[in-house]
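Here the structure comes first, spelled out in structure tokens, and everything after it is commentary.
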């Protein structure tokens, strides 16, 4: 493969270029479709400090797909200190998904309250009124007000699940209007 073909290969498959453990992990995950093999390479990348931010996050996502969420939670808790300050919010978001999948409601609430505190202290937006986030592969602008509302709704919904546990099976759906200003809550009760 010449240089141009190799460059096109990496762009097409969205695999980073290079030969380190992180690149091999992504190759195993995306090209070879070998999630177990990719986890081994992600561990090597973390241990060798090769793109630790991405390796830890990506490994946790693969573990979640393999129903190894508890292990992914422990990995993030144990190795997040190796990650940059910029990666912490992303790791928190992965942890929230993992807590939800494992039914760890109390841990979810603690982390959501911590996020809310960080918003109020100005740590999440680095003193800016707007941040750029990704949603379904697209870049979007999120204001402090929108993020605060999102976190507050998640706290309310998570608390509601605790209160209603054992009484009813309850499904909550939160959706934002087209201008992202207000949340509409739909509660569906199944007796």
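The values are calculated or read from the model by the stated rules, or taken from the named source; none is laboratory data. This structure is a prediction, so every number in the text was calculated from the model and none was measured. A quick note on method: Cβ atoms are made from the backbone with ideal geometry, for glycine too, and the neighbour counts reach across all protein chains shown.
Results, tabulated for the structure shown:
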read-out	value
Residues of region 59-95 that turn out to be more than 17 Å from residue 40 (Cα to Cα) and either in contact (Cβ under 8 Å) with a residue 40 or more places away in the chain or assigned to a loop (DSSP other than H, G, I, E, B) (or both), as a count	2
All positions within region 5-36 that are in a helix (DSSP H, G or I) and at pLDDT 55 or above	21, 22, 23, 24, 25, 26, 27, 28, 29, 30, 35, 36
Single condition residue 136 does not satisfy, out of (1) at positive phi; (2) in the same structural domain as residue 63 (by TED's automatic domain parsing)	(2)
Residue 99 vs. criteria assigned to a helix (DSSP H, G or I) and either in contact (Cβ under 8 Å) with a residue 40 or more places away in the chain or not assigned by TED's automatic domain parsing to the domain that holds residue 52 (or both)	yes
Among (1) at pLDDT 95 or above; (2) assigned to a helix (DSSP H, G or I); (3) over 16 Å from the mean Cα position of the chain (by Cα) - the single one residue 49 does not satisfy	(2)
Enumeration of residues in region 110-126 that are under 19 Å from residue 86 (Cβ atoms) and in a helix (DSSP H, G or I)	111, 114, 115, 117, 118, 119
Exclusive hit being assigned by TED's automatic domain parsing to the domain that holds residue 149, surrounded by 14 or more Cβ atoms within 10 Å (Cβ to Cβ), touching a residue at least 40 places away in the same chain (Cβ under 8 Å) and over 15 Å from residue 55 (Cα atoms), set 112, 116	112
Residue match in region 127-136 (condition: in a helix (DSSP H, G or I), touching a strand residue (DSSP E or B) at 6+ places or on another chain (Cβ under 6 Å) and at pLDDT 85 or above)	no
